[in-house]
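For reference, the structure is listed below as structure tokens.
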Amino acid sequence: MSFAESVDYLVIGAGVAGLRAAISLADHGQVLVITKESLGESNTHYAQGGIAVALEGREDVALHLEDTIAAGDGLVHRAAAEVLVSEGPERVAELIEWGAAFDREDDRPSGRLLRTREAAHSHPRILHANGDATGAEISRSLSVTAQNHPRIKFAEWTMATALIVEEDAEGHRVVAADLISADLSASPNHPRRVTARAILLASGGAGQVYSDTTNPAVATGDGIALAAQVGAELADMEFYQFHPTALSLPGVPRFLLSEALRGEGAYLRNHLGERFMERYHPQLELAPRDVVARAIAREGMSADPALSFPVYLDMRHVSKERKGIDLTQRFPGISRFLAAHGLSLQHDLIPVRPAAHYLMGGIRTDLNGRTTVKGLYAAGEAACTGVHGANRLASNSLLEGLVFGARAAEAMLSDRLPEAHAIATSAEAPKQMDANEEAQVEEIITRLQRSMWATAGLLRQESTLREGISTHAEIESSLAYYTGQGKSSRRLFEACALASVAGSILRAALARTESRGAHFRNDHPVRDDEKFRKHSVERNGQVRFEQW
Ligand code: SIN
């Protein structure tokens, strides 16, 4: 029998929340940060627009709170939002000290920080870096800080496949995780069991649950599925945010076209050339994200592609009207990507469509990252504090990762948790999937993604959700065929995680018979505060509603 390795703190995920937490934890113990691909391959890295933060004092903080609450459509957990907006400035200042270079009016480090506007913000408060590569800069500066810390070790191309729970007098407690190599070319490896005093799930979102997503391939909801497996509560899983403007070109990934484009003046036009947002919201293109996404769907999208019309983002007027703005310089990454596909912001209408972008729900935590299972913490997109309610305010997610990542670390340090102790590793050797089986798993994933887009996407109703649930049941049983034989591979685990997240989204979306924020039911189009000004909470597949 062999025994598990031991660290003080295990952090699963190396996006903004995981890295920020690791930096605090490392002052007090050994930290292992695992990440499924190379360091930097996370949703954080791809965030373009920026980080929202109130830097102008108390009134500004109060306005940021108001905007966050308004965007969340009656469901923002006010205490969580207060923490976010009031602790945000300090966390961002600290990040700047650690080397994050946000764009400034001139090149001097003391130059005034530039701020842009995004949808549903009452004024420009979004900091950005290298024009449209804010997430990459935040990820870079946190990675360098963490890598320079002697007590932080990284394990790249590594994923967790199970959390290990022990019973004690106070109930059950997570004490370890099983890790495998996530290198797709590696043959199945015996899981490496790592015990820890506390484990943080900062594994990000699950955009891959939908066929159209702005998220990278790693965003498969692994942490959410792991938490659900050990009985942790999930919350608000019906609230999936669809970003209104992903690039819509056949055969091209749904590349994000930042909301900052509209913040800098872009219009949305339908196939007749009309600026259609006038019909949907007084804030026009800067209406809350859910409103804009549904408006685009109504103007252009149909289940039958032959009946769909293109919808466009139009920036052609911006350079002329705002002399001095150089769109290629302001949006270098977006401009490069568009140029590679023969398009330019200055000269072309850019075809767009909504795509799955951000999960407001996740693993239920308190304001300090504690999940409902001892020893297990969560922060960032994997977690749900209720801070975003039913619809996240643009650019609040990087701030969330910083603020709640730091808070989760504080709780992990201050909670009285027993030291990691020796436990045996699993004796069972995993069985290899052959190429044919791997191909079948890919097909299962594609089927799940398409079904989720069609049945639990932007516009939902009971009949589609029930259809989704029935497809989901078939998918679960196909996956059980492999897991039941003790098979193991990265893609099989990811397929199981996606199926687990999909099940939670479908159940919560069916239970919420109203429309609110990102959750729109054609059969219940009106918000129903009397019944549903509550968060959905799911445990072991059972959904209930609770007021927080
Ligand atoms: C964007 O740049 O539009 C994305 C920012 C966000 O998701 O908040």
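The values are calculated or read from the model by the stated rules, or taken from the named source; none is laboratory data. Quantities reported herein were computed from a predicted structural model and do not represent experimental measurements. So basically every Cβ, Gly included, is an ideal-geometry build from the backbone, and we count neighbours across all protein chains shown. The accessibility values were calculated without ligands, DNA or RNA, using every heavy atom of the protein model including side chains. Shrake-Rupley method; radii C 1.70, N 1.55, O 1.52, S 1.80 Å.
Computed quantities for the displayed model
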quantity: DSSP-assigned coil residues among GluC sites (Glu not before Pro) in segment 9-107, each with at most 10 further Cβ atoms within 10 Å; calculated: Glu105
quantity: Full-stretch length increase - Ala454, Glu66 - with 0.36 nm per residue and alpha-carbon distance subtracted; calculated: 136.3 nm
quantity: Per-pair calculated FRET efficiency, R0 = 35 Å: Glu94 and Gln329 via Cβ, rounded to 0.05; calculated: 0.75
quantity: Centroid-to-centroid separation of segment 29-46 and segment 147-220 [C-alpha atoms, Å]; calculated: 10 Å
quantity: Segment Asn436-Glu5, extension gain: residue separation times 0.36 nm, minus the distance between their alpha carbons; calculated: 151.7 nm
quantity: FRET efficiency estimate (nearest 0.05) - Cβ-Cβ, Ser185 to Val252, R0 22 angstrom; calculated: 0.25
quantity: Stretch gain in nm, segment Glu167-Glu419, where the contour uses 0.36 nm per residue and the Cα spacing is subtracted; calculated: 89.2 nm
quantity: DSSP beta bridges in the chain [antiparallel fraction, %, rounded to 5]; calculated: 65 percent
quantity: Whole-Å semi-axes of the ellipsoid equivalent to segment 431-525 (Cα gyration tensor, √5λ, descending); calculated: 30, 11, 10
quantity: Candidate lysines for bridging to Lys374, where Cα separation is under 17 Å - those fewer than 8 sequence places away on the same chain excluded; calculated: none
quantity: Where the chain is the region considered: accessible area per residue in Å², 1.4 Å probe; calculated: 38 Å²
quantity: Cα gyration tensor shape of segment 250-355, rounded if a/c is under 1.5, else prolate or oblate by comparing a/b with b/c; calculated: oblate
quantity: Accessible surface of segment 431-525 [probe 1.4 Å, protein heavy atoms]: carbon and sulfur percent; calculated: 51 percent
quantity: Taking the chain and dividing mean pair separation by its residue count, relative contact order in percent (alpha carbons under 8 Å, at least six apart); calculated: 22 percent
quantity: Computed helical MRE - 222 nm, the chain, DSSP H runs ≥ 4 contributing -39500 (n - 2.57), nearest 500; calculated: -10500 deg cm²/dmol
quantity: Within segment 510-538: backbone nitrogen closer than 13 Å to the Ser463 label point (7 Å, Cα to C-beta); calculated: 522-523
quantity: Alpha-carbon Debye profile of the chain, log10 I(q)/I(0) at 0.08, 0.10, 0.13 Å⁻¹; calculated: -0.48, -0.77, -1.35
